[in-house]
Amino acid sequence: MVSPLQYLATAPKQMMNWAAENLVTRRQLITDNEQYKINELAFHEQALQLAIVKRENDRLRALLASPLRGEAKKMVAEILAVDSDPYTHQVVINRGANDGVYEGQAVIDDEGIVGQILHVGTTSSRVLLITDVTHAVPVRVSRNGVRLIASGVGVIDILTHNYVPHSTDIRVGDVLVTSGLGGKFPEGYPVAQVTTVLQDESRAFSQIQSQPVAKIDRLRYVLLLWPEQLNVQPANNIITRPDKKAGSKRL
Amino acid sequence: MTSRLIILLTFLVALMASIMPLPLSVDAFRPDWVLVVLLYWCLALPARVNVISAGVMGFILDVLLGSTLGVHAGAMAISVYIIAGNFQKIRNFSVWQQALIVGVLSALYHLIVFWLQRFLTDAVFLPSYLYPVLTTIILWPWAFLLLRKIRRNFRIT
């Protein structure tokens, strides 16, 4: 109901952005274009590789009788430059119920998890960032699979991990990825990188802090993820065992 | 009818100004636009704008800022209640004295918001939460003159 007001408030900023994007010199466009052509070539080559690797991965997963990963539906959303309460870490995006956004949906950027949808309006919705005090993500260390919880502390570049025993194998520089255990975030997206590990034996637990890999303070475009569709068939007709139940349970 | 529309319009502008994106360095100094407009109308026309309108504006601000519903509404209603109880006295003060009183009320407003947030989420107090008080004091005389001009021009009673 208040989204017209929000769109109105961000209008001047949008106009400045529009002007900055549309008023560029011809020379700059040409150099950009050349750069994009080179990039496209490189990405295209990687995409070829990816298709092969993906097929191979699907085949291996089918052999292991583990559920296949389908293509999740994604949608790009833009951050509306709207100010928020200084006590919370939230942003407003320009997608709402009209686009099928739902509460609790995972939001990522090109580097990692950004947060989840907190409140859905008709044409805009509010994202709770992972650094908010009230937010926590179940993660695992990608190196060895140790499970942790990454909770926000209200500082834009810090996440903490409470109740981690001293014996846990975790080192500075470890990458933490979503474990998919909470059911909110899909598995395997990077969340943070461990920055400090303090093992003070006089304390009950070791103190671990990490830094989000998503550029949370420089967001402009984010991706909304929808859960994978259930009706994904195993590729190449290798195995279709009756234990498809395992796949449906996982969601 | 038109007078009601114009009062509503001033509130809309105030709401918009309070969510307008600002550079980070200036953002902490954003004055309480909604509170200033509310206080002016409450001083000038206490029969039209009072604690209930303050609560409604606070709720809209809560939705716009994404804070817990009722935090700004409660703080706004309490600050406006104090003015609504003493409007006859405060009306006769000079603009600068009024500005000081508005500053005190703005500080009260921010402290109530902080206390409620502290109660809800263990927020930590930063002096920067009270910077808006300074800008609100500076804003008051100008807002007062402008809104009085609007009120006299459109003969809002």
Of those in segment A:17-41 that are surrounded by 10 or more Cβ atoms within 10 Å (Cβ to Cβ) and closer than 30 Å to A:Val91 by Cβ, the residue nearest to the other protein chains (Cβ to nearest Cβ) is A:Asn17
In segment B:19-42, what residues are surrounded by fewer than 20 Cβ atoms within 10 Å (Cβ to Cβ) and within 20 Å of B:Phe59 (Cβ to Cβ)? B:Met20, B:Arg30
Working only within segment B:53-105, note down all residues that are aromatic (Phe, Trp, Tyr) and within 14 Å of chain A (Cβ to nearest Cβ). B:Phe59
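Taking the conditions exactly as written (in a loop (DSSP other than H, G, I, E, B) and over 14 Å from B:Asp32 (Cβ atoms)), does B:Phe119 satisfy them or not?
Values: in a loop (DSSP other than H, G, I, E, B): no; over 14 Å from B:Asp32 (Cβ atoms): yes.
No, not satisfied.
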Within segment B:119-134, tally of residues that are away from every other protein chain (no Cβ under 12 Å) and under 15 Å from B:Val104 (Cβ atoms): 2
Exactly one of these conditions fails for B:Ile137: (1) more than 14 Å from chain A (Cβ to nearest Cβ); (2) in contact (Cβ under 8 Å) with a residue 24 or more places away in the chain; (3) more than 12 Å from B:Leu35 (Cα to Cα); (4) buried (at least 17 other Cβ atoms within 10 Å of the Cβ). Give me its number. (3)
For segment B:140-157, pairs from a residue that is modelled with pLDDT under 95 to a residue that is of a type in the set (D, E, K, R), with Cβ under 9 Å and 6 or more apart or across chains, are B:Ile156/B:Arg4; B:Ile156/B:Arg48; B:Thr157/B:Arg48; B:Thr157/B:Arg151
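Could you tell me which of the residues A:Ala97, A:Ala72 is in contact (Cβ under 8 Å) with a residue 24 or more places away in the chain, more than 18 Å from the chain's Cα centre (by Cα), surrounded by fewer than 15 Cβ atoms within 10 Å (Cβ to Cβ) and away from chain B (no Cβ under 14 Å)? Spell out the reasoning first.
Details: A:Ala72 fails: more than 18 Å from the chain's Cα centre (by Cα).
From the options A:Ala97, A:Ala72, the qualifying one is A:Ala97.
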Among the residues that make up segment A:122-134, is at least one of them closer than 16 Å to A:Phe185 by Cα, part of a strand (DSSP E or B) and away from chain B (no Cβ under 13 Å)? no
Here are some conditions: (1) surrounded by 22 or more Cβ atoms within 10 Å (Cβ to Cβ); (2) away from chain A (no Cβ under 14 Å). B:Tyr109 meets all but one. Which one does it not meet? (2)
Go through (1) in contact with a Pro (Cβ under 8 Å, 6 or more places away or on another chain); (2) within 17 Å of B:Leu100 (Cα to Cα) and name the single condition B:Ala28 misses. (2)
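Kindly indicate the residue of segment B:61-82 that is under 13 Å from the mean Cα position of the chain (by Cα) and β-branched (Val, Ile, Thr) and also surrounded by the most Cβ atoms within 10 Å (Cβ to Cβ) among those meeting that condition.
Taking segment B:61-82 as the starting set, the residues that turn out to be under 13 Å from the mean Cα position of the chain (by Cα) are B:61, B:72-82.
Next, only the ones that are β-branched (Val, Ile, Thr) stay: B:78, B:80, B:82.
Details: B:Ile78: 17, B:Val80: 27, B:Ile82: 17.
Checking each candidate, the answer is B:Val80.
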Candidates A:Asn57, A:Asn98, A:Asn33, A:Asn39, filtered to the one that is modelled with pLDDT of 80 or more, in a helix (DSSP H, G or I) and under 30 Å from A:His135 (Cβ atoms): A:Asn98
How about segment A:105-121: which of its residues are within 14 Å of chain B (Cβ to nearest Cβ) and not in a strand (DSSP E or B)? A:Gly121
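Listed here are the residues, each with its yes/no results for (1) of a type outside the set (A, V, I, L, M); (2) within 11 Å of chain A (Cβ to nearest Cβ).
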residue	(1), (2)
B:Arg4	yes, no
B:Ile7	no, no
B:Val13	no, yes
B:Met16	no, yes
B:Met20	no, yes
B:Asp27	yes, yes
B:Arg30	yes, yes
B:Trp33	yes, no
Would you check if there is a residue in segment A:77-95 being part of a loop (DSSP other than H, G, I, E, B), within 15 Å of A:Leu224 (Cα to Cα) and out of contact with any Leu (no Cβ under 7 Å at 6 or more places or on another chain)? no
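The values are calculated or read from the model by the stated rules, or taken from the named source; none is laboratory data. Keep in mind that what you see is a predicted model, and the values were worked out from it rather than measured. Positions of Cβ are generated from backbone atoms using ideal geometry, with glycine treated the same way; all protein chains shown enter the neighbour counts.
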